[in-house]
Amino acid sequence: MTSISLQNISKQYDYKPILKDVSLNIQEGEMVAIIGKNGAGKSTLLKILHGSLEQDSGNRILKGTPEIKYLSQQANFKEGQSVREAILESLSEIINAKNQLEETNKALQNNPNDKNLLKIQAELSTYIDHHEAWDLDNKIDKILDSFKLKELETKFANLLSGGEQKRVGLACLLLKKPDILLLDEPTNHLDVQMVEFLEELLTKERWTLIFISHDRYFIDRVANSIIEVEDCNIRRFKGGYGDYLRSKQILLENLAKEHETLLKHLKYEEEWLSRGVRARVKRNEGRKARIMQMREDAKNNPSIIRKMKLELERETKSFNQEEGTNKKKMLFELEGVNLSFGDKILIQNFSTRILQKDKIAIVGSNGAGKSSLLKAMLGRIKFDSGKFDSGDVKIGYFDQHREMLDDTKDLLETFCPFGGDRIDVRGKNMHVFGYLKNFLFPKEFLDKKIGTLSGGEKNRVALALLFTKEYDCLILDEPTNDLDIPTINILEEYLQSFEGALIIVSHDRYFVDKIAKKLFIFGNNGEIIESHKSFQEYLEIQKELKQYDEIAISQPKVEPIKKEKSKLSYHQMRLLESLPQQIEELELEIKHIEDKLYSNTLSTSELQELSITLEAKKEECDLKLEEYLKLEELQESLNKN
């Protein structure tokens, strides 16, 4: 049995304390989620558990010699190393153990009673069994497919996007299956299908896992306990996220009762203190000190209780289903619109109307075209065909790149560009600090430059700025990325009270289910399905359908009825004739580019640009080859008939 413990750990940066006298014990098989506000100390706690960050005081204690692996928010790969090579290198110890076992087994054929060889065989078998690596090749292929890394296998890992690198890093760690796995925001940059695969993988096998996440459904499904980091301390709760909310409610009620008892006791003690002389007798100094502490507690408790109550209300408040009495006006009308990017169809023959108070979530896998639909509705790109109309609509747009912010300005300049320190928010004139306090910004942040803020802090600024304006429609692209759960709760509260239309792209299932009344679901080949089901309900139905399909595939197949003899169309015949030449030309181009890539004469920017060109050419070649093989197969089938 392995375990990891922290005893009386403290940590501070400069003069700011992060953790004070924190103790924690994680046993084998526990799956623990760490939650709390950004900056509360979640990542600090995780790094101290990993051992990559030294605590100022206290002890980190390991039982046994556990292999501990940590996935940070920033991946790091060697220059010039492909995705496949990076994964295989991360598994080198396991691969070496399998090779060594194979050699040992061969040696045992000649010396079956060799005790030393038998001991080595047992140790290697135990090691491979512990890492569940007997069928390693199939595990690699399954994870590559599920994280959509198969098509990236040959790409340079260090040139991938941040999200793609995160997926590669996660794949490496899951395949290694260390004794203790530490993950910092593992679901960031994963679409819903990838998150569900990750949930299944983690819950199916026995892991010792400690992770930071703001994905509340993921926490609820994976964690068997939750650690909340707050005010330099930690509080532990049993169960998933739903259990955490129920426990917090009980804690809130107990705090309120304790405060009432404290006030009664304090009243009695204050009467004793008011008598004067006896309170100053030396032997009563301790009692007097306790009264002073009670006064302090009585002063602080109401704010603590109010704060906890507000956070719970934000999180558990049910969606307000009431519609306004005014007739809803149409904001957007799409009729038979189509959109493609190169050879890829993103949107095909999609029609819909978006009305004044619609609350819509656009969901689907990464790269399906969700953000492209938003940009087309904003007029930043044009649909290829079809009819698109928008009325006189004031649109507020939040994108993943926070384009509305200027890194050279501080917060005060951002919110008050014409001077002063007051702003209008929904018809109410407020001091800018009073408003930003709602988004968890302390007063000292007012003169901080936007460029010095973290990703999560920039997101909070961008959202706060968005809510100071009057809009008919808010279009939000992944608004919960880099946000902690308390900030997401604030965002949800604002969105629930927003009177206009909401169109959001998000992979956060809990957030979608809380906000949206309708889904636009991106399927295959540009198909978009409208649904009034909850996101979670839709995913459950899809999972059941997939299971039915798998059962159907396993059943004996009935031979289809042969159709009357036919032939390829004139266009198909021309393609069948011309595609081999096109494929050959593309293969020559690819070889020429690859020769240049490995010439060692290119700068980093040239290397990056040429790598992108190479991948585009390879993708084009694969598509043409796939098309040619389908036509060839179709012709053979028609000839047989």
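The values are calculated or read from the model by the stated rules, or taken from the named source; none is laboratory data. Just so it is clear, the structure is predicted and the values come from calculations on it, not from any experiment. Quick reminder, even Gly has a Cβ in these numbers, built from the backbone with ideal geometry, and neighbours come from all protein chains shown.
Scanning the stretch 25-53 for residues that are crowded, with 18+ Cβ neighbours inside 10 Å and either over 26 Å from residue 480 (Cβ atoms) or aliphatic (A, V, I, L, M) (or both) gives 26, 31, 32, 33, 34, 35, 40, 45, 46, 48, 49. Of all residues in the stretch 181-196, none are without any contact (Cβ under 8 Å) to a residue 40 or more places away in the chain, in contact with a Leu (Cβ under 7 Å, 6 or more places away or on another chain), under 21 Å from residue 52 (Cβ atoms) and not in a strand (DSSP E or B). Of the residues making up the stretch 34-54, those that are over 30 Å from residue 131 (Cβ atoms) and in contact with a strand residue (DSSP E or B) (Cβ under 6 Å, 6 or more places away or on another chain) number 3.
Here the condition is being in contact with a Lys or Arg (Cβ under 7 Å, 6 or more places away or on another chain), closer than 24 Å to residue 204 by Cα and assigned by TED's automatic domain parsing to the domain that holds residue 211; of 26, 48, 34, 4, it holds for 34 alone. For the structure I just gave you, tell me whether residue 105 is at pLDDT below 90 and surrounded by fewer than 14 Cβ atoms within 10 Å (Cβ to Cβ). It is true that residue 105 is at pLDDT below 90 and surrounded by fewer than 14 Cβ atoms within 10 Å (Cβ to Cβ).
Loosely packed, with under 14 Cβ neighbours inside 10 Å and in contact (Cβ under 8 Å) with a residue 40 or more places away in the chain - does that describe any residue in the stretch 204-215? Checked the stretch 204-215: at least one residue is loosely packed, with under 14 Cβ neighbours inside 10 Å and in contact (Cβ under 8 Å) with a residue 40 or more places away in the chain. Applying the criterion of being outside any helix (DSSP H, G or I) and polar (S, T, N, Q) to the residues of the stretch 197-215, the residue that is nearest to residue 479 (Cα to Cα) is 213.
Within the stretch 143-169, residues that are on the phi > 0 side of the Ramachandran plot sit with their Cβ atoms under 8 Å from residues that are basic (Lys, Arg), at 6+ positions apart or across chains, in these pairs: 148/167.
Counted as qualifying within the stretch 216-280 are the helices (runs of 4 or more DSSP H) with 3 or more residues that are assigned by TED's automatic domain parsing to the domain that holds residue 8, touching a Gly at 6+ places or on another chain (Cβ under 8 Å) and modelled with pLDDT of 90 or more, namely 216-222.
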